[in-house]
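Have a look at the structure below before the remarks.
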Amino acid sequence: MQSPFAHSTCPLVGREYDEARNLAVSMRKQPDARSLLTADRAATLDRLAGLDRELTGMVEAAQGANADDEHDPEGATLAFEREHSAALAGHAREQLAAIDAALRRLDVGSYGTCVMCGAAIGGARLAARPAAATCITCAARPR
Ligand SMILES: [Zn+2]
């Protein structure tokens, strides 16, 4: 009869054990990704609300300032600032969409997998950018 310790010394079983343990560790990380994404989502919504308030204020200021003189140099500055804030708001909306997509991937279990090539997205990249949908290779590839 085989020794009950035969399996524990088998290098293959040892590797499987390590893989299972790594998988368990990465699965334990999932709630972290969700809380990161949720916090990121709240911060982005805040930023977006602030920008929207700013934009509304600028529109009102522009309506007041430019009523009598459309060549007012202040008007040009306001227009530039409005464009800048609108661009930031657009960025925040894109970020929000990326976060929502990442949360959906968490729900279906494909979070951390590159949507372009199917490779695993590196842990460091996900830590830095929890909403990342692509691996670093696909992100660097020109579209
Ligand atoms: Zn990829």
Among (1) in a helix (DSSP H, G or I); (2) more than 16 Å from the ligand (Cβ to nearest atom); (3) surrounded by 12 or more Cβ atoms within 10 Å (Cβ to Cβ), which single condition is Thr77 missing? (3)
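What are the residues in the range 87-102 that are buried (at least 17 other Cβ atoms within 10 Å of the Cβ), more than 16 Å from the ligand (Cβ to nearest atom) and not β-branched (Val, Ile, Thr), if any?
Ala89, Ala92, Gln95, Leu96
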Residues of the range 112-143 that turn out to be more than 14 Å from the ligand (Cβ to nearest atom) and surrounded by 17 or more Cβ atoms within 10 Å (Cβ to Cβ), as a count: 2
Collect the residues in the range 128-138 that are in contact (Cβ under 8 Å) with a residue 12 or more places away in the chain and part of a helix (DSSP H, G or I), keeping them in residue-number order. Ile136, Thr137, Cys138
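Bear in mind these aren't lab numbers, they're just calculated from the coordinates by the rules spelled out. Bear in mind the structure is a predicted one, so any value in this text is a computation, not a measurement. Using ideal geometry, Cβ is built from the backbone for each residue, glycine included, and neighbour counts are taken over all protein chains shown.
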